[in-house]
Every structure is written in C-alpha cells, then in structure tokens.
Amino acid sequence: MYFLNPRLAADIFDGEYIIANLDTGLYYSIQGLAVSMVNALPFDDEKEVIMDLATAFPEHTAIIENELNIIFSELQNESIIKLNAMPADAKSKLLLPEKYVISHFNRYADMQDLLMLDPIHDVDEEGWTVQNDQK
C-alpha cells in the first residue's frame with residue numbers, strides 16, 4: 001500500500017500540494033492533475049490510479065500517463081510516498097478535477113536552513129533561538 005510519508009508536513013493551498021520535509025529542510029510543490037494522484041493516497045496500485053486519471057481526460061491520455069508516472073517516481077525517490085507491505089484499513093477516494101491541468105513537481109532547497117531550525121529544542125531561557133557555532 002502506498003501512503004504519504006507521515007514525517008512530512010503537507011497540505012493543499014489554492015489547488016497546489018505543498019510538502020515540507022522538516023528533517024532535510026527541502027520542500028516540494030505539486031501542481032495540476034498530480035494533486036489528485038497524491039490526494040488519492042493511500043492506494044495499492046499506482047498504475048490503476050494513473051490510468052483512472054488518464055482515462056478521465058481521453059484527449060490527453062498519453063501525456064497524463066507519462067507525466068504522472070514520472071512524478072510518481074520522483075515522489076518515491078524523495079521519500080514523499082512510501083510503500084508498506086501491510087494493507088491499510090481505509091483507502092481514499094479518487095477525486096477528479098473538472099478539467100485537465102498539466103502536472104508539475106518542483107523541489108526547493110532555498111529555505112533549507114530555516115526549515116531545519118528546531119525552535120522547540122534550540123531555545124534559551126528567554127525564548128530566542130540559540131545558534132550553536134561550535135565546530
């Protein structure tokens with residue numbers, strides 16, 4: 001069963017899936033039809049989900065299959081999507097958008113230092129973030 005890595009912070013904003021990995025400081029943007037694919041997690045068979053999305057827009061079937069397969073591979077490579085051998089108790093329902101929008105997957109490292117700050121553990125008595133410059 002494929003599922004969204006629970007160690008990530010993820011939500012949809014204005015139709016765009018934003019995912020932050022607070023362990024690595026990387027964050028990701030998923031746009032277009034790929035949002036529906038990620039939103040359908042957990043699921044057993046990515047090929048079935050991709051085919052369902054592709055056949056919903058028959059005039060773009062080949063393009064959709066190609067872009068979603070590439071994005072699914074990227075999601076696995078970045079450990080955004082994990083595979084669990086045990087079946088999940090519940091599956092999500094695939095929600096189809098009204099129109100086809102090209103999918104994009106973007107990876108960002110520009111805020112890596114900021115996202116990796118741990119304000120819970122790196123605070124002095126007065127509440128300010130402590131910068132440990134000892135090397």
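Structure values in brief
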item	result
Contour excess over end-to-end distance, with Cα ends at Ser29 and Arg107 and 0.36 nm allotted per residue	27.4 nm
Mean separation of Cα contacts under 8 Å, 6 or more apart, over the residue count of the range 5-105: relative contact order %	35 percent
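Bear in mind these aren't lab numbers, they're just calculated from the coordinates by the rules spelled out. As the structure is a prediction and not an experimental result, all values here were calculated from the model.
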